[in-house]
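As structure tokens, the structure follows; a few thoughts come after it.
A short reminder: the numbers here are calculations on the coordinates, not readings from a lab. Only a predicted model underlies this, so the values are computations on that prediction, with no experimental measurement involved. A quick note on method: Cβ atoms are made from the backbone with ideal geometry, for glycine too, and the neighbour counts reach across all protein chains shown.
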Amino acid sequence: MKAYFITATDTDAGKTFVTAGLLEALSKQGFKTLGFKPVASGCVMTEHGLRNDDAVKIIKASHSEISYSQVNPYAFEPAIAPHIAAQKAGLSIYLQHITDTILSSHNDIDYVLVEGVGGWMVPLNDQQTVADLAALLNFPVILVVNMRLGCINHTLLTIDAIENKGLKVAGWIANQAENSMELLQENVASIESRITPPLLGIIPHGAKQQDIAQYINIKQFLL
């Protein structure tokens, strides 16, 4: 079993798009895949309880049977910072519960992808952040970079923070989440020259999830 933790330089950088796209692409290669979105804000109340659109996309893209509560154990209705949402709901986010759920759910799975929430240092409770969750899981990290003005600074800071946590950065993905970035190649080259982790792919603005294998080097995940 191979497992990766998916984080990003900021909110709305395309973590779910990349996570679901990779799950779908790996499934097409014949692998049994499983995705998790442990913490999610901005959920909608349904007849089955709170549901998050990102978590639903990840479930649909996974090639395995698993309950919603396992994929997304902490779901909050308001679209606000998760630790604040949890406080307002009278709950606490326990990282050990998340890790126990993930580590006990991947029998006979080839690839597990865990998507974080927001960026690398988003608080999950009074003491711990997304970085602490990733450290507990100890999976290699894939960084999704939102290619826009400021992305070089955001990428270098995030890579430094991940490595200072003692985790391996498996690679980074340049995602044009908001629009087609001006001087894209120059910005990509500037990042590449300053970090060690490899560039896994460049995703153009408007790309479709089912086509993600065209832009990301899936072979890197098969090694």
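Largest first and in whole Å, the equivalent-ellipsoid semi-axes of region 64-124 read 24, 13, 11, each the square root of five times a Cα gyration tensor eigenvalue.
Working from Cα pairs under 8 Å separated by at least six residues, relative contact order for region 111-223 is 22 percent. For ASN217 and GLU178, the FRET efficiency from 1/(1 + (r/R0)^6), where r spans their Cβ atoms and R0 equals 22 Å, is about 0.40.
Hey, which of these cross-link pairs are over 28 Å Cα-Cα: LYS32/LYS168; LYS37/LYS165; LYS165/LYS208? Violating the 28 Å Cα-Cα cut-off are LYS165/LYS208.
Relative to one another, the C-alpha centroids of region 149-222 and region 1-32 are positioned 13 Å apart. When its C-alpha radius of gyration is set against 2.2 N^0.38 Å (N residues), region 3-46 gives a value of 1.32. Computed over all pairs of different Cα atoms, the Kirkwood value for the hydrodynamic radius of the chain is 17.5 Å. Backbone geometry of region 143-156 corresponds, through the Karplus equation with coefficients 6.51, -1.76 and 1.60 at θ = phi - 60°, to 3J(HN,Hα) couplings of 9, 8, 9, 7, 6, 8, 4, x, 5, 5, 4, 4, 5, 4 Hz, x marking Gly and Pro. Pairwise alpha-carbon distances in region 163-223 exceed 19 Å for 38% of all pairs. The alpha carbon convex hull volume per residue for region 1-81 rounds to 92 Å³. Take the Cα of HIS48, go 7 Å toward its beta carbon, and the backbone nitrogen atoms of region 1-37 under 20 Å from that spot belong to 16-17, 20-21, 23-24, 33-37.
Springs join every pair of Cα atoms under 10 Å in this Gaussian network model of the chain, and among ALA40, ALA161, ALA25 the largest mean-square fluctuation is at ALA161.
Amide H to amide H distances under 5 Å link ILE203 with ALA174, ASN175, GLN176, where only residues 5 or more positions off or on other chains count and H is placed in the peptide plane. Pairs of C-alpha atoms in region 100-150 farther apart than 17 Å represent 46 percent of all such pairs.
How large is the translational diffusion coefficient of region 56-182 in µm² per second when you combine the Kirkwood radius over alpha carbon pairs with Stokes-Einstein at 37 °C and 0.692 mPa s? Approximately 202 µm²/s, per Stokes-Einstein. For LYS2, give me every one of the aspartates and glutamates with a C-alpha distance below 19 angstrom, ignoring sequence neighbours fewer than eight places off in its own chain. Filter leaves GLU24, GLU65, ASP100, ASP108, ASP110, GLU115.
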